[in-house]
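Below is one structure; the comments refer to it alone.
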Amino acid sequence: MTRQSDVERERMVEMFDNLRADKYPLRDFKAIGKKMPRRIDGFNKATGHADYTMDIQLPGMLYMRFMTSPYPHAKILNIDTSKAEKLPGVRHILRHDDPEMPEAASIGQMAGFFGTDKPLPGVAHFEGEPVGAAVAADTEAIAEEALSLIEIEWEQRPFNLDVEKAAEPSAALSYPERYSDGNYWNMGILDKLIKGDVKKGFAEAEKIVEFRIVRRPHTWVGPERQCGVFRWHEDCPEVWIKQQRAHLPKYQISSWYGGVPMDKIQLHMLYQGGSFGGWTCVEWLMGPHYCAGLVAKRTRRPVKYILTRREDFYGGSMDAGVYYIKVGFKLDGTITAVDGLLYNVNAYMPVFYPALHIHENTRVPNVNSQVKSVWVNKGPMVPTRCEMLAPCLSLTLIMDHVAAELGMDPTEVALKNDGAEQHDMAWLNEEKKQRGFEIRDSLKECIEKGKAAINWDQKWHKAGTRKLPNGRMHGIGFTWTQEWGDSNGSSEVAIRIERKDGTATILSMGSDQGVNAEESYCQIVSDELGFRLEDVHYNQQVDPGFYRMCPGASTNMSINGWAVRHAARILKHKILEAVTSPTSPSQRGSFAPMLPDTKPEDLDIRDSIIFLKADPSVQIPVSDLPKQGSLSGPMTEPEAFGVRNSYVKPLFTDAYHVQEGGYSPNNPRPHFCRQAHFMEVEVDTETGEIFITRIVNTNDVGKAINPMSCNGQQYGGSIMAVSRAQFEEVVHDPATGVMLNGNLLDYKIATMKDMGPIDTILVESGMGYGPYGLCGIGEDIATVLPGLLAPAVYNAIGVWIEDFPITPDKVLKALGKI
């Protein structure tokens, strides 16, 4: 995490194009940036015709269910499956002691990140963990009944639920097989972010404030339960998988069962009923697929594994934990030092420090931030909507605490501290200039638009001072951070021109995340080729072999967009070459060019029509390219009227884009785009109930390829954020370690009725690193907005509540009423 010198940074900027502004953007847009009526997945989803993995039914298919642990920490000493094996309809029982059960279901990688869990372990480290046995039967009900007949002798072990107590050296080990030296497993391993000298910063401060935040575990559960299907065609696997990372499963499956050539693996990734990262990042994600594949191989029948709703509550979001924050600042709101410590529950990757966004997005000179990743006997905590939840929560409360202590408008505190990597705005503006960006103040623009929308200047007030006519207390809050979208990743895309009608088809396998990314890629191809939007199509569920798109998050456009644009520009040149040059020889010679005596640079394409720039009346519709029979054309059909004709190679191209993420020291990219959010609430001091009456989201996305998709993320992200802030918590019984609310009745989730109007505002500064100056938005709102409820409630009642979710009982307790 060491920052490079300015000289080294300049060298890196010269080496890599994706460290600077888009050098060759389009100047005119017909599809990009427009609110388009078409949504490729809209009809199927709206009518119920969309196919999800859970919908797959195959002839002779078996249903696999897993046994789960009734204890939070226990080892299987003996297992007797004889009664279950005799149950009619049971076709196979797989046990954890099976000789073909490996230690991990992939070579060094089970899901997107790590892979050290057995596909079917014999030791449970949280209640509800799939362990011991898996039953494949003719129906799901028979499999469930068979599980109840399995007899197990357990060795119960000590367990931990409290993250701070588990970090103590004397605590019992939560996961001794993996962390034998203690539950605080990342000691000295990427556990600290240190910039400047915090002691010096606190000495310079005129005021210091300290506070504690609790973020209780919450999860990713969506409408579609986790499931998958495995079928063999001789030695060729066909797999239906529910996850976001289309580029990983083939690699993983190829290492199983003694090795499977990747060209023999057929993969399906259908529509998904909710994902949000979650299962995609869990180590055990591919474990049940391994089990299903092994049983399918033995029984010669397709096997579908299914988790129950309760089993789907497998893990949670990696911001869970206890935060200790100390902030030093001047009386004018200038922050001089931040010290942050996070006791992080079961985090998969301990580098998302509580003060990370203070480092990345402000001029604060002295930062000391530490993550103690501590294993307790709960499920794994992974990125859920985003891994930036902890840094965003911390930044929100740091800025708002400073504003509250000084009685300042929090938007002024934000503007005063805006910057990057301990540098002020002058330095940041020089970075923009060096990279070829227009110099704009993104945060100021976002704040001004958001303030105007919510009428901030008239509504903001000192804490606990405004009582409404209905008797409730009025509150309003503000937060901000960067607009991110520069994760590491790769994307490979192909585009072909169809022989029959000259339309364009995008070829690359992606995953459905509900953001209408398919349409956005079509908009890019439409404008880059000069095609009508209706002449471009993309079905990301089709596996074309090699081509894969980046999994999404906030990187759909900033990575995949480059690959799509590269391919479209190469293909456009090929089209213009095809109509100006003789076609390559075939078995019956060559075709004359459709526009002789012209060069590709003399032509352009608009509305799917090729035309001569000097005389636009000279036109060739793209649909005329595939002329049939003996007619001249660069894409003659191979057969017409039963006669095989000469034809040339198809109009087809591919392209790719690879980049390291913004976290890499080899890819130094300060964030220039910002986002600002406002929340208005009413608090009933008699019941403790909180009413969120309005939300305003202002996001600088650089360039909005698909404004409706961006607005959709603002709407959906707001509902998820309110849900996390007010309702969502996975509750465990402290005496037994058993999860008490693993269902969608007791685990509360917000709906659109739980908040007032949501305003969605887009700023387009062009200061993103993606094509056309764009950056991501998909993760932002649901990640940044949850923490804002605390400042809004504080503004209403004058008392801080920083134990999330903020529920009515906590409000009443803070007011001293219970």
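Separation of the alpha carbons by more than 20 angstrom is noted, of Lys444/Lys703; Lys207/Lys444; Lys30/Lys572; Lys250/Lys297; Lys75/Lys118; Lys416/Lys444, for Lys207/Lys444. By the combined test of axial Cα extent (at least 15 Å) and Kyte-Doolittle hydropathy (mean at least 0.5), the qualifying DSSP H helices of the chain come to 389-406. Only bridges whose two residues both fall in the chain count here: according to DSSP, what percent of them are antiparallel, nearest 5? Taking every DSSP beta bridge within the chain, about 75 percent pair in antiparallel fashion. In plain terms, if you count all Cα to Cα distances in the stretch 108-224 and split them into 5 Å steps from zero, the share in each step is 2, 7, 10, 13, 16, 15, 12, 8, 6, 4, 2, 2, 2, 1, 0 percent. Could you tell me the calculated FRET efficiency between Arg532 and Asp597, based on Cβ-Cβ distance and R0 = 22 angstrom, to the nearest 0.05? Rounded to the nearest 0.05, the efficiency is 0.20. The accessible surface of the stretch 393-432, taken with every protein chain in place and a 1.4 Å probe, is 45 percent carbon and sulfur. Taking label points 7 Å from Cα along the Cα-to-Cβ direction, Ile439 and Asp181 give a separation of 4.9 nm. Across the options Ile447, Pro734, Gly277, the greatest Cα extent toward the positive end of the charge dipole of the chain (unit charges at beta carbon of Lys, Arg, Asp, Glu) belongs to Ile447. Take the Cβ atoms of Asp615 and Tyr24, set R0 to 35 Å, and the FRET efficiency comes out at 0.85. You can think of it this way: the chain between Asn741 and Asp197 has 191.4 nm of extra reach, that is 0.36 nm per residue less the Cα-Cα gap. For the chain, what does the accessible surface come to per residue with a 1.4 Å probe? Please give it in Å². Each residue of the chain exposes 38 Å² on average to a 1.4 Å probe. Based on the Cβ-Cβ distance from Asp98 to Val214, what FRET efficiency comes out when R0 is 51 Å, to the nearest 0.05? According to the calculation, E is roughly 0.75. A full extension of the chain between Lys35 and Asp754 corresponds to an added length of 256.1 nm, given 0.36 nm per residue minus the alpha carbon distance.
The portion of the accessible surface of the stretch 149-294 made up by carbon and sulfur, rounded to a whole percent, is 50 (1.4 Å probe; DNA, RNA and ligands excluded). Residue separation of Glu85 and Arg300 scaled by 0.36 nm, minus their Cα-Cα distance, works out to 75.6 nm of gained length. Counting Lys and Arg as +1 and Asp and Glu as -1 over every other residue whose Cβ lies under 13 Å from the Cβ of Glu311, the net charge comes to -1. Per-atom-type breakdown for the stretch 443-586 gives carbon and sulfur 50% of the accessible area (1.4 Å probe, protein chains only).
Using a simple spin-label model with pseudo-atoms 7 Å out from Cα toward Cβ, Glu164 and Lys462 lie 3.2 nm apart. With semi-axes defined as the square roots of five times the eigenvalues of the C-alpha gyration tensor, the equivalent ellipsoid of the chain measures 45, 39, 23 Å, largest first.
The values are calculated or read from the model by the stated rules, or taken from the named source; none is laboratory data. Everything numeric in this text was worked out from a predicted model, so none of it was measured. Backbone-built Cβ (ideal geometry, glycine too); neighbour counts: all protein chains shown. Calculation scope for accessible area: heavy atoms of the full protein, side chains included, ligands and nucleic acids excluded. Shrake-Rupley method; radii C 1.70, N 1.55, O 1.52, S 1.80 Å.
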